[in-house]
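Please read the structure below before turning to the comments.
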């Protein structure tokens, strides 16, 4: 496991230096390692810590508000409790939709695009190197 982590860090470092160095480094690796790298770099991007904390904070805040309202109101307002809970739930869903799809500002999209381009470049070079190795077999 440590070997693949070292190889991944080397690939990222070589990618920053240049394409020719990355291609030469990848050509030195064996087919199994290249296949592992291809799977790792082709996979979905990981969530950042801030994204996880943001989602957990939003969920806990919504649940906390709903539980506080339900616990602290008298029992004769049961229908009102249910209606307000539904309204708050719908508003939260709309708000989460807005956060997820509408509020992506240009800087986030630019940084995401540059990260994806770098990942795709690495995947392309790994695929090319694998094809060359398979031709030589």
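Distance between the 7 Å Cα→Cβ label points at residue 38 and residue 115: 2.5 nm. Ranked by the mean number of other Cβ atoms within 10 Å of their residues, highest first, the peptides 11-17, 122-128, 51-57 fall in the order 122-128, 11-17, 51-57.
Any read-out appearing in this document is the output of simple, stated calculations on the displayed coordinates, not a laboratory observation. The shown structure was predicted, so the numbers you read here are calculated from the model rather than taken from an experiment. So basically every Cβ, Gly included, is an ideal-geometry build from the backbone, and we count neighbours across all protein chains shown.
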